[in-house]
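Colleague: Please see the structure below; I have some questions.
What follows draws every value from the coordinates through simple rules; no lab data is involved. Nothing here was measured: the structure is a model prediction, and the numbers come from that model. Because the Cβ atoms are built from the backbone with ideal geometry, glycine has one as well, and the counts that use them run over all protein chains shown.
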Amino acid sequence: MNPFKRVPTLEIDGMFIVESVAALQYLGDRKDVADHWYPKDLKDRALVNTYLAWHPADMRKHAHGYVQALFGGGSIDESTAKSNYEAMLDNLETIWLKANPFLAGSKLTIADLHCVCELSQLEAYGKGYLTEQRPKLAVWMEKVKANLQPHFNEVHTSFMAEAGERYQEYKSAKL
């Protein structure tokens, strides 16, 4: 299905969309999806797209770098990776959530969905406290998760448990 052999992959009438942002944007453009997810208004949509463009070079880079370091891999040590990740969390709180309850304004969008999924991965490794130390970010996380229920828990519960177990196994083997 996915020529890059990774997830996610969305199939629509025989067409495969192989990147999460492209899939979210496609789904957001459908007529049967509420406008708040991917606004038709160009100014509102530009705010969503700005976050989606920022995400890979900042959020993904530092979250992935920290996860790699936690498992003993990557090109930087765990302390540096954690500092980079925390600086990115600070940017989420002081820039993205400075004046609004959600990343791209007053309503939940695909930007929030994309971000909360990335941040939730670190919770599986016992690093959720880093988000909780930032009041605006902690409130935002809870608000987004609450708005996505019951689907958020349906999707994340098994992943979180499995990822947490793998991390504990790694830490135990490392000792």
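Colleague: What is the local net charge at residue 87, summed over the other residues whose Cβ is closer than 13 Å to its Cβ (Lys, Arg +1; Asp, Glu -1)?
Modeller: Once positives and negatives cancel, what remains is -1.
Colleague: Which ³J(HN,Hα) values in Hz, rounded to whole numbers, follow from the phi angles of the range 97-104 under the Karplus curve 6.51 cos²θ - 1.76 cosθ + 1.60, where θ = phi - 60° and Gly and Pro get x?
Modeller: Once θ is set to phi - 60°, the couplings for the range 97-104 become 9, 4, 10, 9, x, 10, 4, 10 Hz.
Colleague: Let me ask something additional. Is there a quick way to get the dipole size of the range 2-133? I mean about its Cα centre, with the Cβ of Lys and Arg at +1 and of Asp and Glu at -1; what is the value in debye to the nearest 20?
Modeller: 220 debye
Colleague: Filter 143/171; 40/98; 98/127; 43/145; 61/171 down to the pairs with a C-alpha to C-alpha distance above 28 Å, please.
Modeller: 143/171
Colleague: Here's another thing I want to ask about it. Taking the highest mean first, how do the peptides 165-172, 64-71, 103-110 order by number of other beta carbon atoms within 10 angstrom per residue?
Modeller: 103-110, 64-71, 165-172
Colleague: Distance from the Cα centre of the range 101-165 to that of the range 10-85, in angstrom?
Modeller: 13 Å
Colleague: So, one more: Taking θ as phi - 60°, what are the ³J(HN,Hα) couplings along the range 12-18 by the Karplus curve (6.51, -1.76, 1.60), each to the nearest whole Hz, with x for Gly and Pro?
Modeller: After applying 6.51 cos²θ - 1.76 cosθ + 1.60, I find 10, 6, x, 9, 10, 10, 10 Hz.
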